[in-house]
Amino acid sequence: NEELVIGKLLESLNAQTYPKELIKIFVVADNCTDSTGKIARSYGATVYERNEPERARKGYALSFLFDRIERDYGISSFDGYLFFDADNVVNSDYIEQMNNAFATDVDAVVGYRNSKNFSHNFISAGYGMHFMRSTVSYHRPRSKLSLSTHIAGTGYLLSSKLLEGGWHFELLTEDTQATLAFVCRGKRIEYCEAAELFDEQPTKVRTMVRQRLRWAKGRLACFCVNVGSLIKGIFTAKGRRFSCYDMLFYIMPNSLVVGAIGAIQP
């Protein structure tokens with residue numbers, strides 16, 4: 001139920017410096033009981049409504065959406081797909097900047113994710129500092145070394161070639177699952193710091209803890225599913241060995257490893 005925020009996102013997408021006739025907006029109204037779908041249609045979006053309360057997860061919603069796009073348009077009808085959450089807002093040159101990076105013949109692009117409500121309290125401000133840390137520690141160095149970076153939740157662009165056959169990432173952290181799958185396939189995820197997106201962050205401790213626990217569970221599942229492919233890639237994948245090594249340690253459940261080592265010490 002995103003009727004209170006989705007209009008701001010669609011306004012920002014309709015006000016892009018990138019040619020409007022080259023943009024088509026799809027919205028999946030996932031188990032909504034409010035006016036989310038109606039509001040999205042009023043902004044010119046193509047809306048698909050999904051009602052599966054027993055499978056209420058972003059990965060399932062994206063799988064549903066791309067099945068409908070394939071059915072009605074064909075995935076390859078578009079060069080690439082940008083992913084947003086309903087509470088996002090983007091700068092007016094966001095798509096232009098992402099397209100400039102995408103035009104360098106990369107498979108995927110991640111923009112700069114900022115906090116939409118940084119000044120609300122210490123929790124939302126902490127998320128903003130976390131995004132800056134990710135930029136300085138992860139995205140920028142990988143970009144300088146021409147390595148693949150990671151997808152983080154929202155504000156990223158995927159080539160339609162990566163989505164031929166549909167969306168198959170349905171774990172709790174579908175972004176991490178997609179990252180590891182693409183890296184294991186030899187695909188490169190580029191970083192575009194000039195493309196700035198604002199994402200609304202939690203402001204309550206309880207919400208933050210629930211979100212972090214969900215992320216931890218999802219990342220652990222991604223590690224278990226992909227650890228074999230990443231290790232294999234380190235030794236066999238020409239041109240992407242270091243990216244496999246990098247992503248193995250990015251997804252490594254360090255606390256569990258340290259705990260296991262400590263438990264077996266005499």
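Values in this text are rule-based calculations from the coordinates and carry no lab data. Just so it is clear, the model here is predicted, and its values are computed rather than measured. We place every Cβ from the backbone using ideal geometry, glycine too, and count neighbours over all the protein chains shown.
Taking a ≥ b ≥ c as the square roots of the Cα gyration tensor eigenvalues, with a/c under 1.5 meaning rounded and otherwise prolate when a/b beats b/c, else oblate, which class fits the range 169-245?
oblate
Using only the Cα atoms of the chain, each taken as one equal point scatterer with no solvent, compute I(q) by the Debye sum, divide by I(0), and report log10 of the ratio at q = 0.07, 0.08, 0.11, 0.17 Å⁻¹.
-0.25, -0.33, -0.64, -1.63
Of K58/K116; K8/K38; K217/K238, which sit over 25 Å apart, Cα to Cα?
K217/K238
Between E11 and A221, what is the spin-label point distance in nm, taking each point 7 Å from the Cα along the Cα→C-beta axis?
Taking the simple label geometry, E11 and A221 are separated by 3.6 nm.
Once R0 is set to 22 Å, what does the formula 1/(1 + (r/R0)^6) return for the Cβ-Cβ distance between L213 and M129, expressed as a FRET efficiency to the nearest 0.05? It would help to have the intermediate numbers written out before the result.
Details: r = 20 Å, r/R0 = 0.93.
Efficiency computed from Cβ-Cβ geometry: 0.60.
Set the Förster radius R0 to 45 Å, insert the Cβ-Cβ distance between T33 and M252 as r into 1/(1 + (r/R0)^6), and round the FRET efficiency to 0.05.
Working: r = 40 Å, r/R0 = 0.89.
Rounded to the nearest 0.05, the efficiency is 0.65.
Pairs of alpha-carbon atoms within less than 8 angstrom and 6+ residues apart define the contacts here; what relative contact order does the chain have, in percent?
Reported relative contact order: 21 percent.
If you project the alpha carbons of the range 106-253 onto the principal axes, what extent comes out on each, in Å, largest first?
Over the range 106-253, Cα extents along the principal axes are 48, 31, 29 Å.
Quote to one decimal, in nm, the extra length available between R206 and R71 on full extension: 0.36 nm per residue of separation minus the C-alpha distance between them. Walk me through the intermediate numbers first.
On the way: separation 135, 0.36 × 135 = 48.60 nm, distance 4.03 nm.
Taking 0.36 nm per residue and subtracting the Cα distance, the gain is 44.6 nm.
Quick one: which of 124-132, 206-214, 194-202 comes out on top by average Cβ neighbours within 10 Å, and what's the full order, highest first?
Those peptides, ordered most packed to least, come out 194-202, 124-132, 206-214.
Going 7 Å from the Cα of E170 toward and past its Cβ, which residues in the range 52-69 have a backbone nitrogen under 13 Å from where you end up?
Inside the label zone: 52-67.
Debye calculation, C-alpha points only, no solvent: report log10 I(q)/I(0) for the range 50-123 at q = 0.14, 0.20, 0.22 Å⁻¹, in the same order as the q values.
Evaluating at q = 0.14, 0.20, 0.22 Å⁻¹ gives log10 I(q)/I(0) of -0.68, -1.09, -1.15.
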